[in-house]
Amino acid sequence: MNSSTTNIAPAHLAEVRVSFRTAGFAALAMFAILAALPLLTLVTGDAFVLVVATRIMIFALAALSLDLILGFGALVSFGHAAFVGIGAYAVAILNAYGVNDLLVQSLVAVAVAALFALVTGAISLRTRGVYFIMITLAFGQMLYFLMISLSAFGGDDGYTLPARSTVLGMPLLENNLVMFYTVLAVLVGAFLLARMLIASRFGRVLRGTRDNAVRMQAIGFSPSPYQLTAYVIAGSIAALAGVLLANQVEFVSPAYMSWQRSGELIVMVVLGGMGTLAGPIAGAAAFILLEEWLSSFSQHWKLGFGLILLLVVLFSKGGVGGLVKRLLGGAHHG
Amino acid sequence: MRGLLSEMLNLFLLQALNGVQFGIMLFLVAAGLTLIFGIMDLINLSHGVLYMVGAYFAATFVALTGSFVLGLLLALPAALLLGIVLELLVFRRLYERDHLDQVLATFGLILILNESVKVIWGAAPLSVPVPEALTGSVQLFGNVRYPLYRLVIIAAGLATAAGLYVLVNFTRVGMLLRAGASNAPMVSALGVDIRRLFTVVFGLGAMLAGLAGALVAPILSVEPGMGDSVLILTFVVIVIGGVGSVRGAFIAAILVGVVDTVGRTFGPILLRTMLDPSAASQTGRALAPMLIYILMAAVLLFRPMGLFPVRGAVR
Amino acid sequence: MLSIRKRTAGLVASACVATSCIVSPAAWAAEGKIKIGLLYTLSGPAAVLGEQSRDGFLLAAEKLGNKFGGLDAEIIVVDDEQKPDVAVSKARELVEREKVDFVVGPIFSNVLGAIVKPVTAGGAFLISTNAGTSNLAGAECNPDLFVTSYQNDQIHEVLGKYAENQGYKRLFLIAPNYQAGKDALAGFKHSYKGEVTNEIFTPLGQLDFSAELAQIAADQPDAVYAFMPGGMGVNLVKQYRQAGLEGIPFLSAFTVDESTLPAQQDAALGFLGGANWAQNYDNAQSRDFVKAYEAKFGNVPATYAIQAYDAALLIDAAVKATGGNVTDKAKLREALEKTPFESLRGDFRFGPNHFPIQDFYLVKVVKRPDGKYATEVVEKIFDDYQDNYASRCKM
């Protein structure tokens, strides 16, 4: 019981390794299903599935980036939506100045997000536990209120994009199928990058710090630079999610960076099972599908949504991922 | 010139008083949250919802009894009861879990309680009239008048703060609370029924939040979701004050209240001395809502554990 | 206090949110049917506005025997959660999956801005029953968008004109610091030419207005003009009265209406607002509507309800004029533009930008004999009033 630290569940290392590999297979399965999804829509003729799936993958990308710092670095950021917002506004603001190229927009988004993460991360990492949660919230809120008062880009009313971004001058993203595969490609790319990072020496230091910061310091690692690097990478990936979100919705608003959104990202990660990289993808899917499904029953769907979240926590450990794992193979579980 | 200056001074004092009143209200919500956090190590996002429910209880009981005082007196035990029921049903199972499970579960609770309130009372905001005897305003200093009801809120808040101070510092329960905040396993090892202590603390925290909600019901809109914005402000307060410290929460609450209220009015005036009027009002508008977050970031930059870190919690 | 009846009404309505309302999606593509999607904010603090609009529309549908222009209607209700990106997703679902002919909604301007393109590009008509932003009335007007409410600035212009008429010389203006707040004060100053002693923008969602009220007390203006929608308005009005400022006339827009009056009650009595309709509006169809609405839902309708009700009548009249052909979009568009319908506001027609040309009134908060709080028409401020952006619209 230590009020100053956020005690991420101390998992058995062996279990972590097993689940890391299982998670890899799970992700592979999810990507395969996603890649084949357009075929299904050919059969059913219901192209709207692609719209929902694209939305899920965009939030999965943001949640995945959060998992990088939350699940592997024990850094609970409550301002992660700010980076999504930076990405979205990079598209809007560059569009206002006549720059519509997706690659340019993505580069600017990543650069600005990385800079923002570097500055705020350096300050935030002086704190620990709940103090870290709240200081990241503070920076997120500052950016949120800044965008609300920025009349030039619509303020709270938001900014309508006249069209989706172009790729080398071609309006490729206007096609929903191209949009879908672009998002899938970015998601798979980010997943592989994150996996490589976690498996590398860098990732081992990060995980070591999560499990026992004192020991890492004792064997000669100063954790801060590693945590800061992870924070910057996570912010940059989230900004890419913002670029894609702006393009999918063709509208940008400060609502993308509200604290509620940051909270929802945390919920997605925890719901899916953190520290697995595949979990957040499942979590984002579960979150958005539940929202879609429940809201079609009753105006008071949030009641059911809340109950489900509560029950998942009370009766499972490790979120939906953990639940599935236990249902499938209770024998493997320590 | 002197007239203008004294007018400015009056306005400043008035705004400071407004800030104190706002701060006191924040303190009532924050006191419970910081105790729950400090002692049970529980991140309770649903604390703001308890504040909302307090306001709804007050609205219901005031309408039923036709008396504000009776309504308030009924709302408090109702909030206490709800706190204890929630502790027994939900929170008891969360103490041993990690912080993120708590975030997920209490986020779920927010959704459940917000929506339940809408199902029971409807989506439209409710009203609680200011008690007849407390309407109107009183002469304070110079020609400055202040609403009587707000003075009563300040008084009630200060009395509660004093009561808490006595409870924490001079009673057996308080001793256990302080011991629990710095080392709960030790208290448990000494044979104290820590579970019952937790239930008591949780009920107390819920009642304090409910009290804040009931007290502000006559001046604020009683509506679903009213606890969400207060929740964030409350977290700001307990983090600035140092988690687990009731004294820290009190000072931080007043600080946040005053900085927010005074900064909102005098920030633009100050900016006008440095920038041209339109730029000043632009900047002022953008900065005003950020003030308390800037305050929090600044405090944490220099004191990463808040103003009054609870000893023993320091690693 | 809210009665049980209101809650059961809510449950009946919410049952229609269900996809189970949909009998058989494939069958609806056939002729002789019409599909309408209602997209409103039905969760969160602003849900009460969305509920009024939904109830208003469904009441009209009921009165029409669920037939629009002779076609059997299927109505799908969805919740935009007041989040623009969620709204876009829901709007696309309505247009692309459900293949609705009309999308009716939303409440908020930022949601409207987000859904115009997906709805109209998807081949449906969008009938906005509350939000009406200046860009959509002007340069970015859209042939497939019809607005049954007003252009946002107009309500503010009503109060500005009234302040001017009253000969007020010094005014204190207050609004939240977001786009609608800035537009509000700009709209007010469009028709008010006197001095502004102070212009304050408060942070969005501010709870406590004591700082601003102290400034009003210090300024002693001839009147105050406030734009404080939703819960913020409830707080401001209650605190304004408690600060003992009721001697200073309180002019406002979207701050005292039937959605907030249950919480403001006596504190709002005598406060002034602007509107295109109020519940004591003097014509037969309006009186019938108010009676039916209050009997069914147990609360007093605000303009949110009648603008949605009128949208239903508009669709009905236009579809009837085409002889029940909703597939010929050009013909249906022309019918929407030209076909007169029995608006609850009596005098109603569309301008070239598909925004209404209508009358505007000064309204005042009263306590009705039955004990309920409501707004009443005091005087007509503008006759056949058109917005200032219509000339910029090239359709």
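The values are calculated or read from the model by the stated rules, or taken from the named source; none is laboratory data. Keep in mind that what you see is a predicted model, and the values were worked out from it rather than measured. Neighbour counts are summed over all protein chains in view; Cβ atoms, including those assigned to glycine, are modelled from backbone coordinates with ideal geometry.
Going by the conditions given, is B:Gly48 part of a helix (DSSP H, G or I), within 11 Å of another protein chain (Cβ to nearest Cβ) and not hydrophobic (A, V, I, L, M, F, W, C)? Here the answer is no, as B:Gly48 does not meet what is asked. No other residue among A:Ala117, A:Ala152, A:Ala109 is within 19 Å of A:Ala246 (Cα to Cα), in a helix (DSSP H, G or I) and within 18 Å of the chain's Cα centre (by Cα) apart from A:Ala109. When you scan region C:56-74, do you find a residue that is hydrophobic (A, V, I, L, M, F, W, C) and within 12 Å of chain A (Cβ to nearest Cβ), even just one? No, region C:56-74 has no match at all. The helices (runs of 4 or more DSSP H) found entirely in region B:218-315 that carry 1 or more residues being surrounded by fewer than 24 Cβ atoms within 10 Å (Cβ to Cβ) and more than 14 Å from the chain's Cα centre (by Cα) are B:246-272, B:277-287, B:291-302. Among the residues of this structure, C:Ser14 does not count as one that is modelled with pLDDT of 95 or more and touching a Ser or Thr at 6+ places or on another chain (Cβ under 7 Å).
The residues on offer are B:Val53, B:Val117, and the sole one that is crowded, with 21+ Cβ neighbours inside 10 Å and within 14 Å of chain A (Cβ to nearest Cβ) is B:Val117.
When residues in region B:28-54 are screened for being among the hydroxyl-bearing types (Ser, Thr, Tyr) and at positive phi, 0 of them pass. The single condition among (1) of a type outside the set (S, T, N, Q); (2) touching a residue at least 24 places away in the same chain (Cβ under 8 Å); (3) farther than 30 Å from B:Leu26 by Cβ that C:Leu261 does not meet is (3).
Beta carbons closer than 7 Å, at least 6 apart along the sequence or on distinct chains, pair a first residue in region C:220-242 that is touching a residue at least 12 places away in the same chain (Cβ under 8 Å) with a second that is among the charged types (D, E, K, R) for C:Pro221/C:Arg170; C:Asp222/C:Lys169; C:Asp222/C:Arg170; C:Gly231/B:Glu223.
If a residue must be more than 14 Å from chain C (Cβ to nearest Cβ), among the aromatic types (Phe, Trp, Tyr) and more than 24 Å from B:Gly180 (Cα to Cα), how many such residues does region B:218-269 contain? Count: 0. Taking region C:29-55 as the range and being surrounded by fewer than 24 Cβ atoms within 10 Å (Cβ to Cβ), among the aliphatic types (A, V, I, L, M) and within 11 Å of chain B (Cβ to nearest Cβ) as the test, only C:Ala46 passes.
Does region C:237-249 contain any residue that is at pLDDT 95 or above, closer than 20 Å to C:Gly181 by Cβ and assigned by TED's automatic domain parsing to the domain that holds C:Ala226? Checked against the condition, which is being at pLDDT 95 or above, closer than 20 Å to C:Gly181 by Cβ and assigned by TED's automatic domain parsing to the domain that holds C:Ala226, region C:237-249 yields no hits at all. Among the residues of region A:221-236, are any touching a Pro at 6+ places or on another chain (Cβ under 7 Å), closer than 26 Å to A:Ala96 by Cβ and in a helix (DSSP H, G or I)? The answer is no; no qualifying residue exists.
Residues being more than 8 Å from chain B (Cβ to nearest Cβ), modelled with pLDDT of 90 or more and touching a strand residue (DSSP E or B) at 6+ places or on another chain (Cβ under 6 Å) are represented in region C:280-294 by at least one member.
Among the residues making up region B:184-200, those that are exposed (fewer than 15 other Cβ atoms within 10 Å of the Cβ) and part of a helix (DSSP H, G or I) are B:Pro185, B:Met186, B:Ala189, B:Arg195, B:Arg196. Return the residue satisfying two criteria in turn: it lies in region C:277-305 and is part of a helix (DSSP H, G or I) and closer than 21 Å to C:Ala47 by Cβ, and of such residues it is nearest to the chain's Cα centre (by Cα). Looking at the filtered set, the residue picked out is C:Tyr304.
Scan region C:322-356 for residues that are surrounded by fewer than 16 Cβ atoms within 10 Å (Cβ to Cβ) and in contact with a Pro (Cβ under 8 Å, 6 or more places away or on another chain) and the total you get is 1. Taking (1) crowded, with 24+ Cβ neighbours inside 10 Å; (2) modelled with pLDDT of 95 or more; (3) within 25 Å of A:Val270 (Cα to Cα) in turn, A:Ile135 satisfies each apart from (2). Filtered by the rule that a residue be farther than 16 Å from B:Gln15 by Cα and charged (D, E, K, R), region C:212-252 gives C:Asp222, C:Lys238, C:Arg241, C:Glu246.
Please verify whether region B:121-140 includes one or more residues that are within 14 Å of chain A (Cβ to nearest Cβ) and surrounded by fewer than 22 Cβ atoms within 10 Å (Cβ to Cβ). Scanning region B:121-140 turns up at least one residue that is within 14 Å of chain A (Cβ to nearest Cβ) and surrounded by fewer than 22 Cβ atoms within 10 Å (Cβ to Cβ). A:Thr182 passes every criterion in (1) more than 14 Å from every other protein chain (Cβ to nearest Cβ); (2) over 30 Å from A:Asp101 (Cβ atoms); (3) surrounded by 15 or more Cβ atoms within 10 Å (Cβ to Cβ) apart from (2). Comparison of C:Leu126, C:Leu136, C:Leu112 shows that the only residue that is closer than 29 Å to C:Ser391 by Cβ, assigned by TED's automatic domain parsing to the domain that holds C:Ser53 and outside any helix (DSSP H, G or I) is C:Leu126. Flag: B:Ala105 matches the condition of being within 25 Å of A:Gly71 (Cβ to Cβ) and either at pLDDT 90 or above or of a type outside the set (Lys, Arg) (or both). For region B:91-114, the set of residues classified as facing chain A (nearest Cβ under 7 Å), more than 22 Å from the chain's Cα centre (by Cα) and farther than 20 Å from A:Val76 by Cα consists of B:Arg93 only. The single condition from (1) within 28 Å of B:Glu223 (Cα to Cα); (2) acidic (Asp, Glu); (3) away from every other protein chain (no Cβ under 14 Å) that C:Glu164 fails is (1).
Note on region B:135-152: residues that are assigned to a helix (DSSP H, G or I) and farther than 28 Å from C:Asp257 by Cβ total 3.
Among the residues of region A:50-60, some residue qualifies, meaning at least one is closer than 26 Å to A:Trp293 by Cβ and more than 14 Å from chain C (Cβ to nearest Cβ).
Which residue out of A:Ala246, A:Ala255, A:Ala239 is more than 10 Å from chain B (Cβ to nearest Cβ) and within 14 Å of the chain's Cα centre (by Cα)? Answer to the selection: A:Ala239. When region A:98-119 is filtered for residues that are in contact with a Gly (Cβ under 7 Å, 6 or more places away or on another chain) and more than 16 Å from A:Tyr231 (Cβ to Cβ), only A:Ala109 remains. Of all the listed residues (C:Gly270, C:Gly323, C:Gly274), the sole one being at positive phi, in contact with a strand residue (DSSP E or B) (Cβ under 9 Å, 6 or more places away or on another chain) and not in a helix (DSSP H, G or I) is C:Gly270.
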